[in-house]
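Here is the structure we will look at, set down as structure tokens.
Read-outs throughout are calculated quantities, based only on the coordinates presented, and are distinct from any laboratory measurement. Predicted model only: the values in this text are computed from it and were never measured. So basically every Cβ, Gly included, is an ideal-geometry build from the backbone, and we count neighbours across all protein chains shown.
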Amino acid sequence: MPSHNQGGAPGKPGSAPKPSPVIFAVANQKGGVGKTTTSVNLAASFAAAEYRTLLVDCDPQGNASSGVGVRRGSFELSLYDVLIGQAALKEAIVATEVPLLDVVPATQDLVAAELELVDATDRATRLRQALRPQLDGYAFVVLDCPPSLGLLTLNALTAAHRVLVPLQCEYYALEGLTHLMATIDRVKSAFNPELTVEGVVLTMFDGRNSLTHQVADEVRAHFRVFDAIIPRNVKLSEAPSHGKPALLYDAQSKGAQGYLSLAREILDGPPAAAADPKKTQRANDEAEPQAEPPPTTGARARDARPRS
Ligand SMILES: Nc1ncnc2c1ncn2[C@@H]1O[C@H](COP(=O)(O)OP(=O)(O)OP(=O)(O)O)[C@@H](O)[C@H]1O
Ligand SMILES: [Mg+2]
């Protein structure tokens with residue numbers, strides 16, 4: 001089972017010694033870059049690999065909840081109740097149809113939590129306090145953040161061990177990243193010294209577009225980027241309307257396979273410190289003529305923290 005302070009392949013549930021769960025925040029203040037798609041499908045991929053996983057919907061839009069089939073009206077308690085102290089996290093957990101995957105759902109109420117907590121001295125640590133003592137039996141927790149750097153994202157970053165940053169290869173993508181990394185550094189020094197950036201996940205990747213490659217190269221020059229690349233794939237966009245992760249909707253789709261590769265890359269542990277950058281580039285070049293690139297480039301993720 002995983003441990004937030006260790007690399008390498010985690011053991012399966014039941015193996016000794018008892019490890020602590022790893023909490024991922026999936027964050028990027030830019031809207032529509034694939035945070036929820038990444039949260040839902042990565043969580044489902046961990047569960048498919050037989051790791052008990054908890055998805056926590058930290059976004060009032062509630063898309064992660066509906067994305068795993070937990071629709072408004074089908075649950076009584078949500079993250080709102082947990083954050084304002086009306087319920088324990090365990091009481092708000094709902095099982096999904098994916099074996100080993102549970103969710104703490106969110107609704108529009110969560111907007112009110114931001115307002116209600118604004119004067120609370122522990123406003124940044126509410127989620128951490130609620131979450132960390134209640135994770136018995138879970139190997140992974142995935143926190144789906146809203147598209148802002150407000151109190152909800154702050155709570156997620158304070159509660160997490162590692163941050164995953166989904167990024168769509170567009171012209172302004174890097175500007176937002178710099179701001180996000182500065183926020184992560186502030187959260188690290190103020191609330192959560194153990195927080196690390198796990199890496200950038202390239203999403204909605206379209207290898208036919210030359211701008212995509214330029215932006216990807218630029219991001220790789222500054223940040224650690226996963227080798228598992230998530231292609232633009234219609235199955236990933238259709239699956240939420242069926243309330244299913246892509247693995248249940250179409251397991252063979254390139255989208256579902258892309259997220260399985262991402263999960264594998266994370267499960268395989270820390271990246272090689274000096275992976276060959278040319279290898280990644282070569283694989284991308286090979287992918288270019290295809291409508292959708294293969295989900296992995298075959299190389300391991302490159303070195304850890306954002307480069308200064
Ligand atoms: N790889 C992909 N291929 C095709 N469509 C995708 C892919 N990833 C995400 N989408 C679609 O793009 C839209 C935005 O994705 P998503 O909701 O995951 O982004 P988000 O960052 O969570 O958005 P928000 O900032 O609003 O929370 C959704 O309609 C989703 O289905
Ligand atoms: Mg979202």
- Item | For the range 89-178, the spread of Cα positions along each principal axis, largest first, Å | 42, 37, 25
- Message: Restricting to DSSP loop positions (anything but H, G, I, E, B) with no more than 12 other Cβ atoms inside 10 Å of their own Cβ, which chymotrypsin sites (Phe, Trp or Tyr not before Pro) remain in the range 163-202?
- Response: Tyr171, Tyr172
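Asp136 to Arg264: FRET efficiency via 1/(1 + (r/R0)^6), r the Cβ-Cβ distance, R0 25 Å, to the nearest 0.05?
On the way: r = 26 Å, r/R0 = 1.02.
Given R0 = 25 Å and the Cβ-Cβ separation, E is 0.45.
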- Computed over the Cα atoms of the range 101-140, the Rg and Dmax in Å are 12.5, 34
- Okay, which of the range 146-163 sit inside 20 Å, backbone N to the point 7 Å along the Cα-Cβ direction of Glu194? 154-163
- Message: Please list, short to long, the whole-number percent of alpha-carbon pairs of the range 22-287 in consecutive 5 angstrom bins beginning at zero.
- Response: 1, 6, 14, 18, 20, 17, 12, 7, 3, 1, 0
- Query: Order of 253-259, 140-146 by packing, highest average Cβ count within 10 Å first?
  - Reply: 140-146, 253-259
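Report the local net charge at Pro245: Lys and Arg +1, Asp and Glu -1, summed over other residues whose C-beta lies under 14 Å from its C-beta. All intermediate terms of the calculation are to be shown ahead of the outcome.
Working: positive: Lys235, Lys244; negative: Asp57, Glu97, Asp102, Asp144, Glu238, Asp250.
Spelling it out: positives minus negatives among the neighbours equals -4.
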- Query: Where does each of 100-106, 162-168, 88-94, 131-137 land if you order them by average Cβ count within 10 Å, highest first?
  - Reply: 100-106, 162-168, 88-94, 131-137
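If we count every other residue with Cβ under 12 angstrom of Ala113's Cβ, Lys/Arg +1 and Asp/Glu -1, where does the sum land? Walk me through the intermediate numbers first.
Numbers: positive: Arg123, Arg126; negative: Asp59, Asp81, Asp109, Glu114, Glu116.
Residues close to Ala113 contribute a combined charge of -3.
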- Restricted to the range 22-287, the DSSP antiparallel beta bridge percent, nearest 5, is 5 percent
- Using the Cβ atoms and a cut-off under 11 Å, what net charge is assigned to the surroundings of Leu77, where Lys and Arg are +1 and Asp and Glu are -1? -3
- Message: Over 28 Å between Cα atoms: which of Lys30/Lys254; Lys90/Lys244; Lys90/Lys254; Lys35/Lys90 fall into that group?
- Response: Lys90/Lys254
- Query: In nm, to one decimal, how far is the Asp122 label point from the Gln214 one, both placed 7 Å along Cα→Cβ?
  - Reply: 5.0 nm
- Item | Rg/Rg_ref, the range 202-273, where Rg_ref = 2.2 N^0.38 Å and atoms are Cα | 1.22
